[in-house]
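The values are calculated or read from the model by the stated rules, or taken from the named source; none is laboratory data. Please read all numbers here as calculations on a predicted model, not as lab measurements. Positions of Cβ are generated from backbone atoms using ideal geometry, with glycine treated the same way; all protein chains shown enter the neighbour counts. With ligands, DNA and RNA removed, areas are computed over all heavy atoms of the protein, side chains included. Shrake-Rupley method; radii C 1.70, N 1.55, O 1.52, S 1.80 Å.
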Amino acid sequence: MKSFEYDISLHSAETFRQAAFFCAEDGACNLEEVPRDQIKQLAGLLNDRGRKGWELVQISFGRDGLMAFWKREASGT
């Protein structure tokens, strides 16, 4: 049976100042205002962790930054 380890990383709003998007009450969400450099920065974070064997499980955006939840197969399995 596979086993996994998990990690949670926090990233300040200074790093991703405009990477958050919000949805309206009718459910419509908009990403058009996210600057390209913020998208590249987020992609860089995902790729860096991915090269280390981590898979993104979920990402949550908030006023103070973002929280990313990661998992990877535990060594020795």
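From the list SER9, SER60, SER75, the lone residue that is of a type in the set (Gly, Ala, Ser) and either at pLDDT below 75 or out of contact with any Leu (no Cβ under 9 Å at 6 or more places or on another chain) (or both) is SER75. If you go through the range 32-53 and keep only what is open to solvent by less than 90 Å² (accessible area, probe 1.4 Å), modelled with pLDDT of 95 or more and not in a helix (DSSP H, G or I), you end up with just GLY53.
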